Every structure is written in C-alpha cells, then in structure tokens.
Amino acid sequence: MKAKDKKYLLLTIYIFSFIIMLFGVTFSYFTARDRSNNDALDVKSGHLTLELEVASKYSGKNLIPLADSDIMRAYRNKCVDDYGNGACDAYDIEVTNDSAKQDVVGTIDFNIEHISNLSYLVLDENEEIYQNITKIEKSTDGMPLGSNFILDSALETGIPTKKKFTLVIWLSDLERHQEEDVGGKYSASITYNSIYGQKLSSTISGTEEGEK
C-alpha cells in the first residue's frame, strides 16, 4: 500500500473513532442529565411522604363548663371532674416523616352548632403548652395548632422522624347559666401541610351538655 493511501486510511479511522467517541460522550451526558432530573422528581414527589394519626385519648362524655384555669388539672385527671363529669376532650396527634426533611404546619377547622364558648389548647410530647388557650366562638377555619416545625430527614438515618401532640378541647365556664351552650356539638378537621404541598387531615367531634 502506498504511503499516501495509508495516510488517508489512518485519517479516515481517526475521524471515525472521533465521531464514535463524541457520540458516546454526548449520549453519556444526556443519560446522566436525564437520570438527575428523574431523581429530582422522585425527591419532590414519590419519595416525600407524611403520615398523620389522630386517636381519642379522653372523650365520649358530654362536657360541662370548666374554668380555663383548671384545664391542666382536668386533663391530668383524664378529663373528668371530681364527680365523674366530662371536663374536656383530648386527642393524641402524631405526625411522621419517613422521607426528606420537611417543614410542617398544623391547622384546625371548627364546625360548631349551638356553642359560643368552646376553647382548645395543644400540648407537646412533654405535656408543655405548644398552642396556648384559644377561643372558638363560632365555626371557623385555619385556626393554629402551634407554630411551624421541622421533621428531620429520615433518608439519612433510616429512621422515621415524629412529632407528637395532644389537642385538648373544653367548654369555658363563664360563671353563669350558659344557655347558649346547652345541647351543642362540635366537629373539627385537623390538618397538617408540608411546604411541598402535601396535606393530611383527620376529623374529630364532641358534644356539650352545658349548664341545666
């Protein structure tokens, strides 16, 4: 083979090899980029999960009016007074995160009928006040269950992170005949939202006996 022909052959092989290498690099780039995008979507959707559990702790009795100053005493007495009357309703709330770190906030919507003096507060897992005494005079939405809180990433430790609260509801005593509360009832929707748009809700309800 002539030197000139060899030169053209080597040049052709070089150009062909360069094209294959360039195609391979380009293909690898788009594959890596696509995978990165898919992973990002997974983190923002399928891999982000919250769980909400709401369980009755002390409830089921018709409530009579209770002085606000006595609410913690009544709660520690399992929500009954010294005569066995219903003093409050209490519900355990547990929010669980088994995915990435999330910023979470809780709210509560009240639907009340024939009640004008309903109150509630929220305790943390150490039974310290997390949401102070809050008055509910009529049906209303978006009432606070406390401030925003962070649920750390469970992906790093492999262990779900949790926050536990107790919601306490009672009928405030105005030291008079509270005709406006006799025979009333309430229901409430407990909701927790993450900054990623997830929304979890659970419903509770109770009845008020009032003064007779």
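The values are calculated or read from the model by the stated rules, or taken from the named source; none is laboratory data. Since the model is a prediction, treat every value here as computed from it, not as a measurement. Virtual Cβ from ideal backbone geometry, glycine too; neighbours counted across all protein chains shown. The protein model used for the area step is the full one, side chains on, heavy atoms only, and it has no ligands, DNA or RNA in it. Shrake-Rupley method; radii C 1.70, N 1.55, O 1.52, S 1.80 Å.
General observations
- Residue ranges of strands (runs of 3 or more DSSP E) in segment 125-197 with at least 2 members modelled with pLDDT under 90, within 17 Å of Val95 (Cα to Cα) and of a type in the set (D, E, K, R): none
- Residue list for segment 59-72, restricted to those being farther than 16 Å from Asn117 by Cβ and modelled with pLDDT under 95: Ser59, Gly60, Lys61
- Of residues in segment 67-102 being charged (D, E, K, R) and free of Cβ contacts under 8 Å to residues at least 60 places away in the same chain, the one farthest from Ser56 (Cα to Cα): Lys101
- Some residue of segment 129-142 being under 18 Å from the mean Cα position of the chain (by Cα) and at positive phi: yes
- Condition met for Gly84 (modelled with pLDDT of 50 or more, in a loop (DSSP other than H, G, I, E, B) and exposed (fewer than 10 other Cβ atoms within 10 Å of the Cβ)): yes
- Pairs linking a residue in segment 129-155 that is under 20 Å from Ser69 (Cα atoms) and open to solvent by 50 Å² or more (accessible area, probe 1.4 Å) to a residue that is among the hydroxyl-bearing types (Ser, Thr, Tyr) and assigned to a strand (DSSP E or B), with Cβ atoms under 7 Å and 6 or more positions apart or on different chains, are Ile133/Ser119; Lys135/Ser119.
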